[in-house]
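Written out below as structure tokens is the structure these notes cover.
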Amino acid sequence: MDPAAEHRQQLRSLRDFLLVYNRMTELCFRHCVCNLNYRLLTGREESCLDSCAARLVRANHRLMGAYVGLVPALLQRRAAEHAAAAPPAAPEPAPGPAEPAEGAPAAGT
């Protein structure tokens, strides 16, 4: 893989990670933080955020495990569908002289 393509792939991976992280942070914050009057989290809010983040991380790991398990089968099925959709190649005529039909005079007689 050339360096530019590798760099683009790394940027895509980083972007995907940050999107998941931001979404997880937003969900847990909305679920757990109910009082914005204090600079620090309460003990209840902190424990809620810890358990919320842990739940979402476990769920993400399960989803990624399922995805990794399913992708090879999906790719194989797609390749088979693509191969089946391709038009078959026309058979080439067999090389060599053509034989005369029965009852027809042979060439040169």
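The values are calculated or read from the model by the stated rules, or taken from the named source; none is laboratory data. The structure presented is a predicted model; accordingly, all values stated were derived computationally and were not measured. Ideal geometry is used to build each Cβ from the backbone, glycine not excepted, and the neighbour counts take in all protein chains shown. For the accessible areas, the whole protein counts, side chains as well, though only heavy atoms, and no ligand, DNA or RNA atoms are used. Shrake-Rupley method; radii C 1.70, N 1.55, O 1.52, S 1.80 Å.
Among the residues of the range 1-60, those that are part of a helix (DSSP H, G or I), open to solvent by less than 100 Å² (accessible area, probe 1.4 Å) and of a type in the set (Ser, Thr, Tyr) comprise 13, 25, 47, 51.
Annotation note: Cβ proximity below 6 Å between a residue of the range 9-26 that is under 14 Å from residue 54 (Cα atoms) and a residue that is part of a helix (DSSP H, G or I) and at pLDDT below 95 (sequence gap 6+ or interchain) occurs for 24/56. Residue count for the range 27-51, restricted to those that are touching a residue at least 24 places away in the same chain (Cβ under 8 Å) and either farther than 29 Å from residue 64 by Cβ or among the acidic types (Asp, Glu) (or both): 0. Taking the range 58-89 as the range and being within 15 Å of the chain's Cα centre (by Cα) and among the small types (Gly, Ala, Ser) as the test, the residues that pass are 65, 66, 69, 73, 79. Please count how many residues of the range 4-24 are aromatic (Phe, Trp, Tyr) and in contact with a helix residue (DSSP H, G or I) (Cβ under 7 Å, 6 or more places away or on another chain). Total satisfying the criteria: 0.
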